[in-house]
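The values are calculated or read from the model by the stated rules, or taken from the named source; none is laboratory data. Since we're looking at a predicted model, the values are computed, not measured. Glycine also receives a Cβ, built like all others from the backbone with ideal geometry; neighbour counts cover every protein chain displayed. The accessibility values were calculated without ligands, DNA or RNA, using every heavy atom of the protein model including side chains. Shrake-Rupley method; radii C 1.70, N 1.55, O 1.52, S 1.80 Å.
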Amino acid sequence: MLRPFEIHEPGTVEEASVLLARFGIDAAIYAGGTELLLIMKEGLAHFPHLVNIKTIPGLDEIALSAEGDELQIGPLATHWDLERSPTVRKHAPLLAEVESQVANTRVRAVGTIGGNLCFAEPHSDLATLLLAWGATLELSSSEAQRVLPAADFTLGLFETARQPNEILTRIRLPLLSENTAGAYRKFSTHERPMATVAALLEVKDGIIEDVRLAVGSVGPLPIRASEAEALLRGQSIEGATFASAAELAASASDPMDDLHGSADYKRQLVRVLTAQALMEASGRAAGETNEG
Amino acid sequence: MSEGIGHNVPRVDARSKVTGEAIFTGDLKLSGLLHGKVLRSPYPHALIRRINTDRAASLPGVVSVLTSTDLEDIDPYYGHSIKDRPLLAIDRVRFVGEPLAAVAAEDEVTAEQALSLIEVEYEDLPAATTLEEALSDDAPRLHETDTLRPGLFHGLGELNPDGNICYQHSIHRGDLAEAFKQAEIIVEQEYTFPAVYQYAMEPHTVIAAWEGKSVTVWASCQHPYLVRAELAELFDLPVASVRIIVPFLGGGFGSKSYTKMEPITVALARKARRPVRIANRVDEAMVTTRRHNMRCWMRTGALADGTLIARHVRLWMDTGAYADNGPRVVATAADAAPGPYRWKSFQVEAYCVYTNRPPSGSYRAFGATHLQWIGESQVDEIARQAGVDPVDIRIQNLLRPGEEVRPGGKALDADLVGDVQKIADALDWGSPKPPDTGRGLGVGLLAAGARPVSTAIVRMEIDGHATVLVSSTEMGQGVRTVMSQLASQELALPIEHIRVPGGDTWITPYDRSTGASRSTTLAGMAVHRAAREVRQQLLEIASQAFEVALEAIELRDGAAWRGDQSLSYSELIQFHFGFTGGELIGRGEVSPGGNKGSYAEGPVFWEVCVGGAEVRLDRDTGRLHITKLVSVADVGQAVNPDLVKAQEMGASMQGLGNALFEEMIFDEGQILNGTLLDYHIPTTEDMPDQFISRLVENEDGPGPYGIKGAGEGALAGVPAAIVNALADIGVQVTELPLTPERVWQALREAEAEHDDGGSPS
């Protein structure tokens, strides 16, 4: 049952930050509400104060940076916005592709990218994708502003580097180079994925120059499979040992036993998804289409 | 008439439901209504040393706090099969989630807050939270089983309690040892079926208003008359002083059969002297009733040519801390265990076991769902060993109409061979299969109908419109539409002139229950007879009015016709009463009549449970993709074919959920996935690529026009079909649900065995 709470509707990031600082652990940021209201209704958490940041103008903007080298996404952009945005589809089609598969239609319609990242539910598509992508996140408070790489943002189960008075104000996604191709794979039996894998391959003259491989949803937070990346770097795209890389990613994934499945099974999923994602990315790279 | 039986009349309640006008119990507003909340046990088994409600009672807004000490003036035990359950825990809690106190307050938030102020001191007791624990020699005892009291509607013969077993039931035919001696192929295995939640969109909701020496209850219940009887006995009232009103139900599926949250709500209203509403949340509904988890051992013997000759089954069902409908589920499971085959001998020993888990009760196609996938997987295994096609082995062994299903029971009343052939046709049986694709089918029977006692009244009022008074509960299955069609057929009256209100035990007459696929057949027969009485009266009045013989009159479109002359029903009724007022009343009843025998001599009819599936297996992940599901509804005569197919689809999807992923996971009696966040029910995304439903109308049922019930069978047929389709790909499983991980593990084991066998690769 949803217990009574007070809702605050600040007009600026600064006002929101002041409210969050004032109420401390009694407050939560309200954006899409798809996760927050669920846990509040289930009685798993109670916040006497909700700070609705949807009243702050401009936080849902999606635009190319002035330099044209990165996509700048406001935290209030919904999954639908990102799936449908012509800018995203043109400059970061892989993001649009992933967004089109998040949860279900109802969640996509109101759930936001900022909420997804800040809630830090481990079964998140975006946390895995953005880790591989090398996104950076801007956090603002009434006192300061800072920029963190996605890798330093998620700290654990439902835990991020965001301070209580900070608001995630922008997600910055560098555009992928001409010769980089990406792919994303997940396994889910229901709304939340049990395993997620994102792979980005930079290929030049048939040689894998760089690999960025992220594995998520099997443990508390997504990780980079650096041994698998190291193995593939410098290999020719034709002779690449994707199966071995997948094996390394599975070993590195450090899954936990839980209701979603045993660690053994999750390692198998990582193995399968990694091989599939790498194959697809390499296919896209070979097809010389920029799917990043 | 185009609105009588056999036509796809639009649901009469569709408009009010999609516009939100339809009233459910939770929508009702009563003056002075209080909100009740229930304090539930956090322990699977504990003594209640002390309950202090002082702080809760003094919270502003709290009107009453109820504990078992408020029940000392009544016998507070109920249970329709076994009277084993106190309305609130007395001295001892037996499962996590058991109610031990309740609060009535001016609003829900205050009531919930008051719960946290109730202080309870528990003393932990050893618990038996699994079947294995409950059946062990040194198991803690949940109840003194030697002094169990039968409930008002047990109808089960001897209980034969023993330790934590509250009911045993066995059936047998022939000389089992002799039959197995002749067997040339024997398949033997142990199986596990999980605990499952009968999700209904509307959790249990009750409003009770206690006035003087009577009580009015609005309840989301399937069986108002059985709830009335139990409440009357609990609170020592004449049955007529208990009024049960049933608005629309947001789904039942068995979860709202018999008495659930009504006793606590009435007790709270009795203490508060104001109307009280208790509305379960989903997590509370899950610990109110669930489907039995089960352990089963089965052995089947056959001749080398695939002739089935012997089957021996032992099964143990976990009924939780209180029997609820467990004994009936166990008896029905025993009935389903042999399967519809021509055995030389079979024997079934079935046990209903108390454990420190939430109580288990009815869920659509209970017993049959538990057993059919097991029996049918053994039939397929025998077919494989005998080198016989799965369709052929069934044609070879299936019972034919008129043959005995079980000793003393009704003979087979369906064409099972025809049903199986329809499944095979729809699956393109025998056509080449894509890689990693399997096909399977399952056939079985479900004892249906419950006790055949139903009554109905049809009133035709002065304007010629009719009201059908029948206590069948509209819970989404379409019963109000079907009753309208049955009345329309007899009365020759357009459906928009027929009204079927909800059940109200002060007004609508007795009906045993809404369940066991019985309403269209039995309550429908009562409505048919009541309408026929009114029809007869109309004909007689018209014969007087036209001064012709009865046979010269035709009833059509709300009027009596003699040639091209007509008198509307309204004119006939005015003619009859000689006044502008009056009404015609017809009554209908169905009863077993002189049959004084036990329920065990039933069933009213055998509901056919058949299903077919085509599945594709992803070997890397173990995930099954259902490419095709097939059901056959063997209904005698469809009143509304679209509604039958909608029920088939609903039952099939629940069967798919039961087969593929639904499972309540317990750890030491505590449910780990106790909300819809973690317990997954089937959604549109789980739909098979193709769903085919075939109707069989052989007019071989006991209802009017040869109708027999439907709507449950596919839930038993679909898991059997899916399990067999997977075995067709070479993966045998003995435990449901078929989660990808479980299938993947089974695949790994099968591959390991294959490697050990040193087969050439």
Self-check item: Count - residues of region B:370-406 that are assigned to a loop (DSSP other than H, G, I, E, B), buried (at least 17 other Cβ atoms within 10 Å of the Cβ) and at pLDDT 95 or above
Solution: 2
Quiz item: Among B:Thr473, B:Thr455, which is the only one that is open to solvent by 10 Å² or more (accessible area, probe 1.4 Å) and touching a residue at least 40 places away in the same chain (Cβ under 8 Å)?
Solution: B:Thr455
Quiz item: Just one of B:Arg277, B:Arg273 is open to solvent by 30 Å² or more (accessible area, probe 1.4 Å) and within 14 Å of another protein chain (Cβ to nearest Cβ); which is it?
Solution: B:Arg277
Exercise. Give the residue that is farthest from the other protein chains (Cβ to nearest Cβ), with candidates limited to residues of region A:253-283 that are surrounded by fewer than 19 Cβ atoms within 10 Å (Cβ to Cβ) and of a type in the set (A, V, I, L, M).
Key: A:Met256
Exercise. Mind counting the residues in region B:502-553 that are in contact with a strand residue (DSSP E or B) (Cβ under 7 Å, 6 or more places away or on another chain), open to solvent by 20 Å² or more (accessible area, probe 1.4 Å), assigned to a helix (DSSP H, G or I) and within 30 Å of B:Ala365 (Cβ to Cβ)?
Key: 2
Quiz item: If you go through region A:106-120 one residue at a time, do you hit one that is among the hydroxyl-bearing types (Ser, Thr, Tyr), over 16 Å from A:Val218 (Cα atoms) and surrounded by fewer than 24 Cβ atoms within 10 Å (Cβ to Cβ)?
Solution: no
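Conditions (1) touching a strand residue (DSSP E or B) at 6+ places or on another chain (Cβ under 6 Å); (2) within 14 Å of chain A (Cβ to nearest Cβ); (3) not basic (Lys, Arg), marked per residue:
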| position | (1), (2), (3) |
| --- | --- |
| B:Ser214 | no, no, yes |
| B:Val217 | yes, no, yes |
| B:Phe235 | no, no, yes |
| B:Leu249 | no, no, yes |
| B:Gly254 | no, no, yes |
| B:Val266 | yes, no, yes |
| B:Asp283 | no, yes, yes |
| B:Arg290 | no, no, no |
| B:Cys296 | yes, no, yes |
Practice problem: Would you tally the residues in region B:646-664 being within 14 Å of chain A (Cβ to nearest Cβ), among the aliphatic types (A, V, I, L, M) and open to solvent by 10 Å² or more (accessible area, probe 1.4 Å)? | Solution: 1
Quiz item: Quick one: would you say B:Leu237 is open to solvent by less than 30 Å² (accessible area, probe 1.4 Å), of a type in the set (A, V, I, L, M, F, W, C) and free of Cβ contacts under 8 Å to residues at least 60 places away in the same chain?
Solution: yes
Practice problem: Sort out which residues of region A:16-52 are out of contact with any helix residue (DSSP H, G or I) (no Cβ under 7 Å at 6 or more places or on another chain), within 14 Å of chain B (Cβ to nearest Cβ) and among the β-branched types (Val, Ile, Thr), and write them in order of number. | Solution: A:Ile39
Quiz prompt | Output for region A:213-263, where each listed residue is part of a helix (DSSP H, G or I), more than 21 Å from A:Leu126 (Cβ to Cβ) and not small (Gly, Ala, Ser) | solution = A:Glu227, A:Leu231, A:Leu232, A:Phe242, A:Glu247, A:Leu248
Quiz item: Looking at region A:177-195, which of the residues that are more than 14 Å from chain B (Cβ to nearest Cβ) and in contact with a helix residue (DSSP H, G or I) (Cβ under 8 Å, 6 or more places away or on another chain) is most open to solvent (accessible area, probe 1.4 Å)?
Solution: A:Asn179
Quiz prompt | Failed item, numbered, when A:Leu130 is tested on (1) surrounded by fewer than 24 Cβ atoms within 10 Å (Cβ to Cβ); (2) under 10 Å from the mean Cα position of the chain (by Cα) | solution = (1)
Exercise. Go through region A:65-101 and give me each residue that's within 16 Å of A:Glu138 (Cα to Cα) and either touching a residue at least 60 places away in the same chain (Cβ under 8 Å) or β-branched (Val, Ile, Thr) (or both).
Key: A:Ser65, A:Glu70, A:Leu71, A:Gln72, A:Ile73, A:Gly74, A:Pro75
Exercise. Identify, by number, the condition in (1) assigned to a helix (DSSP H, G or I); (2) open to solvent by less than 10 Å² (accessible area, probe 1.4 Å) that B:Arg228 doesn't meet.
Key: (2)
Quiz prompt | Candidate set from region B:13-36 (those that are part of a loop (DSSP other than H, G, I, E, B) and in contact with an Asp or Glu (Cβ under 8 Å, 6 or more places away or on another chain)); member that is surrounded by the most Cβ atoms within 10 Å (Cβ to Cβ) | solution = B:Asp13
Self-check item: Residues satisfying the stated conditions in region B:665-677, i.e. within 11 Å of another protein chain (Cβ to nearest Cβ) and in a loop (DSSP other than H, G, I, E, B)
Solution: B:Ile665, B:Leu672, B:Asn673, B:Gly674, B:Thr675, B:Leu676, B:Leu677
Quiz item: In region B:402-451, which residues are of a type in the set (Asp, Glu) and farther than 30 Å from B:Arg619 by Cα?
Solution: B:Glu403, B:Glu404, B:Asp413, B:Asp415, B:Asp419
Quiz item: Of these, B:Pro338, B:Pro359, which one is touching a Gly at 6+ places or on another chain (Cβ under 6 Å), assigned to a loop (DSSP other than H, G, I, E, B) and more than 14 Å from every other protein chain (Cβ to nearest Cβ)?
Solution: B:Pro359
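Per-residue answers, yes or no, for (1) assigned to a loop (DSSP other than H, G, I, E, B); (2) on the phi > 0 side of the Ramachandran plot; (3) over 17 Å from the mean Cα position of the chain (by Cα):
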residue	(1), (2), (3)
A:Ile7	no, no, yes
A:Phe23	no, no, yes
A:Leu38	no, no, yes
A:Gly58	yes, yes, yes
A:Glu67	yes, no, yes
A:Trp80	no, no, no
A:Val88	no, no, no
A:Ala96	no, no, no
A:Gly114	no, no, no
Exercise. Restricting attention to region B:300-331, report how many residues are in a helix (DSSP H, G or I) and open to solvent by 10 Å² or more (accessible area, probe 1.4 Å).
Key: 1
Quiz item: Do the conditions hold for B:Gly367, that is, is it on the phi > 0 side of the Ramachandran plot, crowded, with 17+ Cβ neighbours inside 10 Å and in the same structural domain as B:Glu662 (by TED's automatic domain parsing)?
Solution: yes
Exercise. Hey, can you tell me all the residues within region B:198-209 that are open to solvent by 30 Å² or more (accessible area, probe 1.4 Å) and more than 25 Å from the chain's Cα centre (by Cα)?
Key: none
Self-check item: Pick from region B:407-451, criterion over 22 Å from the mean Cα position of the chain (by Cα) and basic (Lys, Arg), ranking: least open to solvent (accessible area, probe 1.4 Å)
Solution: B:Arg439
Quiz item: Of these, B:Glu712, B:Glu749, B:Glu735, which one is open to solvent by 40 Å² or more (accessible area, probe 1.4 Å) and either at pLDDT 95 or above or away from chain A (no Cβ under 14 Å) (or both)?
Solution: B:Glu735
Quiz item: Among the residues of region B:678-691, is there at least one that is in contact (Cβ under 8 Å) with a residue 60 or more places away in the chain, more than 14 Å from chain A (Cβ to nearest Cβ) and in a loop (DSSP other than H, G, I, E, B)?
Solution: yes
